[in-house]
1. Using a 1.4 Å probe on the protein chains only, how many percent of the accessible area of the chain belongs to carbon and sulfur?
2. If you take the beta carbon distance between Val23 and Leu103 as r and set R0 to 22 Å, what does 1/(1 + (r/R0)^6) give as a FRET efficiency, to the nearest 0.05?
3. Applying the Karplus parametrisation 6.51 cos²θ - 1.76 cosθ + 1.60 with θ = phi - 60° to the phi angles of the stretch 73-83, what ³J(HN,Hα) value in whole Hz is obtained for each residue in order, glycine and proline being reported as x?
4. At a probe size of 1.4 Å, how large is the accessible area of Phe11, to the nearest 10 Å²?
5. Which whole-number percent gives the relative contact order of the chain, counting Cα pairs below 8 Å spaced six or more residues apart?
6. Taking all protein chains together and a probe of 1.4 Å, list Val5, Val108, Val117 from the most accessible to the least accessible.
7. Rounded, prolate or oblate, given the Cα gyration tensor of the stretch 36-108, with a/c below 1.5 counting as rounded?
8. Compute the accessible area per residue over the chain, keeping the other protein chains in place, probe 1.4 Å, unit Å².
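The values are calculated or read from the model by the stated rules, or taken from the named source; none is laboratory data. It should be emphasised that the depicted structure is a prediction, and the values quoted were computed from it without experimental measurement. When we count neighbours, we look across all protein chains shown, and the Cβ atoms used for this are built from the backbone with ideal geometry, even at glycine. For the accessible areas, the whole protein counts, side chains as well, though only heavy atoms, and no ligand, DNA or RNA atoms are used. Shrake-Rupley method; radii C 1.70, N 1.55, O 1.52, S 1.80 Å.
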Amino acid sequence: QVQLVESGGGFVQPGGSLRLSCVGSGFTFSSYRLRWYRQAPGKERELVALVTSTGGVTNYADSVKGRFTTSRDNAKNTAYLQMNSLNPEDTAVYYCNANRPLLPGYDVNYWGQGTQVTVSS
């Protein structure tokens with residue numbers, strides 16, 4: 001059974017930090033790039049960070065660049081999103097997504113259940 005399980009969300013004051021984890025099972029985790037999305041109430045889901053299957057390349061949305069860092073440990077089937085200098089605009093449900101292109105126009109995607117991050121004073 002394929003699973004992606006996020007953890008580490010919570011309530012934090014502005015300027016604080018959180019680290020999200022995403023643990024995969026039931027599939028070859030190391031063959032998939034890992035993307036972090038977030039969705040705030042009333043807004044579309046936004047891609048905030050990704051890390052390639054080997055962990056060698058990362059990319060970030062401009063809104064989080066310099067504050068968020070993603071990494072992975074394939075030996076533990078786990079990806080991380082370190083979030084620093086959080087502000088209220090970062091409040092959202094955060095999802096991890098494991099993605100692998102198989103054929104042109106056909107990707108395999110697995111999603112976690114999401115974890116709530118709330119930034120407020």
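1. Details: 2970 of 6300 Å².
Roughly 47 percent of what the probe reaches on the chain is carbon or sulfur.
2. Working: r = 27 Å, r/R0 = 1.25.
Result of the calculation: an efficiency of 0.20.
3. Working through the residues one at a time gives 10, 5, 5, 10, 6, 9, 10, 10, 10, 8, 10 Hz.
4. Rounded to the nearest 10, that gives 140 Å².
5. Working: 302 pairs, mean separation 42.0, N = 121.
Relative contact order comes out at 35 percent.
6. Working: Val5 65, Val108 25, Val117 0 Å².
Greatest to least solvent exposure: Val5, Val108, Val117.
7. Note, shape of the stretch 36-108 comes out oblate.
8. 52
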